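Structure, as structure tokens:
The values are calculated or read from the model by the stated rules, or taken from the named source; none is laboratory data. As the structure is a computational prediction, the values presented were derived from the model and not from experiment. Cβ placement follows ideal geometry from the backbone for every residue including glycine, while neighbour counts extend to all protein chains displayed.
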Amino acid sequence: MSDHQQPAFIKDDQVVNPYFAPITESARREALRLIAKACPSELPVDLKKVCDYELLPLRFIDIQEDNTGARLRQTRGEWFIEVDNDGTGEDDFSQDKTKMRRQRFSVAHELGHYKFESHCDHVLQGALLSGHNPHADNYLRTREAQANDFATELLLPFSELKPLLNSLDFKNDFFQSVDEIANRFESSMTATLKRIASILDIPVVAIHFAPDGRAHQVPSFSREFKSAGFFFPRDGVIPDNSYAATMYDGKTTAQKGRKAYQDSRLWFPGRRKDDYKTVEWTFSLGSYGILVFLELIEIAEY
Ligand SMILES: [Zn+2]
């Protein structure tokens, strides 16, 4: 963090296109560097130590805005993070496990914004996000993805997580084994599942559907998913006849869906080939929507 004398998009007194302002930070590298300095080899990562190290106080308050778990603020030159305590008056992370894990991810996300110099430049942000144009929309998504990448690496470091993936139970209680990992890292279920999907060595995708039934964020997929030629779009909707649709329509009250075997065209209607079966795992996050994990199995091996 430094104080800009000049907005980043003014160079040699010329105004340059702010969307081409260079990004110098790597979200993952910044996160790893911060862990190494603030709380090396400690799991779960101690966010209070990290924030202390950054001289960034946490203030637990009742944030009235919907869907805002935390926010980065600055008053009179001082930066701090406000964390939503849902009006409980608690001055710490919640006693409730699920809530605490969400709070932690929100704080790590805001910390990511803080570590990106460009995100903290009010003048630059004002220029980038002014007006409703496709560049502004894209930029906003990029910025949020950068903060999420930072938070994910901070809370679920690859080197610690990867060895645990052998313990995932793909046969019986997949979500239970993901939950155990989420617990160990004190990270939200959604972040943990998405992280797992991105580093598994088999074709899988994790999709979070918001309460409106749409996938607002880019789904998280493994390299093998992409190289097998599968794709699920951002803003995609829950397909009819999927187990997720049953859960979404409230036809089942179970929090966890049984695993369901599907024809791949149900989830990927654009696909011409019929060479994979889809195993669908569905998990309800209550008022936070629905989490879906799809494992693709080659029919030859099925
Ligand atoms: Zn954000």
Q: Can you tell me which residue within segment 255-302, out of those that are of a type outside the set (Gly, Ala, Ser) and in a helix (DSSP H, G or I), is nearest to the chain's Cα centre (by Cα)?
A: TYR288
Q. ASP121 passes all but one of (1) within 14 Å of the ligand (Cβ to nearest atom); (2) crowded, with 20+ Cβ neighbours inside 10 Å; (3) over 17 Å from ASP46 (Cβ atoms); which number fails?
A. (1)
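Which of the residues spanning segment 73-92 are away from the ligand (no atom under 15 Å from the Cβ), surrounded by 13 or more Cβ atoms within 10 Å (Cβ to Cβ) and either under 20 Å from the mean Cα position of the chain (by Cα) or more than 20 Å from GLU186 (Cβ to Cβ) (or both)?
Our first condition is that a residue be away from the ligand (no atom under 15 Å from the Cβ); within segment 73-92, this holds for 75-78, 80, 85-92.
Narrowing further to those that are surrounded by 13 or more Cβ atoms within 10 Å (Cβ to Cβ): 80, 85-86, 88, 90.
The one that is away from the ligand (no atom under 15 Å from the Cβ), surrounded by 13 or more Cβ atoms within 10 Å (Cβ to Cβ) and either under 20 Å from the mean Cα position of the chain (by Cα) or more than 20 Å from GLU186 (Cβ to Cβ) (or both): PHE80.
Of everything in segment 126-153, what is more than 14 Å from the ligand (Cβ to nearest atom), farther than 19 Å from PHE20 by Cβ and surrounded by 13 or more Cβ atoms within 10 Å (Cβ to Cβ)? Give them in sequence order. It would help to see each step written out before you state the result.
Kept after step one, since they are more than 14 Å from the ligand (Cβ to nearest atom), are these residues of segment 126-153: 126-127, 130-138, 153.
Next, only the ones that are farther than 19 Å from PHE20 by Cβ stay: 132, 153.
GLU153 - this is the single residue of segment 126-153 that is more than 14 Å from the ligand (Cβ to nearest atom), farther than 19 Å from PHE20 by Cβ and surrounded by 13 or more Cβ atoms within 10 Å (Cβ to Cβ).
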Q: Could you run through segment 61-95 and say how many residues are in contact with a Gly (Cβ under 9 Å, 6 or more places away or on another chain) and closer than 17 Å to ALA108 by Cβ?
A: 3
(Q) Can you tell me which residue is nearest to LEU296 (Cα to Cα) among those in segment 209-238 that are outside any loop (DSSP other than H, G, I, E, B) and of a type outside the set (Phe, Trp, Tyr)? (A) GLU224
Q. Restricting the search to segment 163-202, which residues are within 18 Å of VAL107 (Cα to Cα) and outside any helix (DSSP H, G or I)?
A. GLU186, SER187, SER188
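Please indicate, with yes or no, whether at least one residue in segment 269-281 is closer than 24 Å to THR98 by Cα and at pLDDT 90 or above. I'd like the intermediate steps shown before the answer.
Looking only at segment 269-281, we keep the residues that are closer than 24 Å to THR98 by Cα, and these are 280-281.
Of the ones still in play, those that are also at pLDDT 90 or above are 280-281.
Yes - at least one qualifying residue is present in segment 269-281.
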Q. Exactly one of (1) of a type in the set (Val, Ile, Thr); (2) surrounded by fewer than 21 Cβ atoms within 10 Å (Cβ to Cβ); (3) farther than 26 Å from VAL45 by Cα is unmet by VAL204. Its number?
A. (2)
Q) Counting just the residues of segment 93-118 that are in a helix (DSSP H, G or I) and away from the ligand (no atom under 16 Å from the Cβ), which one comes out nearest to ALA147 (Cα to Cα)? A) ARG101
**Q.** Sole exception among (1) within 16 Å of GLY286 (Cβ to Cβ); (2) surrounded by 20 or more Cβ atoms within 10 Å (Cβ to Cβ) for TYR114, by number
**A.** (1)
Q: Could you tell me which numbered condition TYR139 fails, if it satisfies all but one of (1) in contact with a helix residue (DSSP H, G or I) (Cβ under 8 Å, 6 or more places away or on another chain); (2) outside the structural domain of PHE20 (by TED's automatic domain parsing)?
A: (2)
Q: Within segment 158-176, identify whether any single residue is away from the ligand (no atom under 13 Å from the Cβ), buried (at least 22 other Cβ atoms within 10 Å of the Cβ), within 22 Å of ALA27 (Cβ to Cβ) and touching a residue at least 12 places away in the same chain (Cβ under 8 Å), and answer yes or no.
A: no
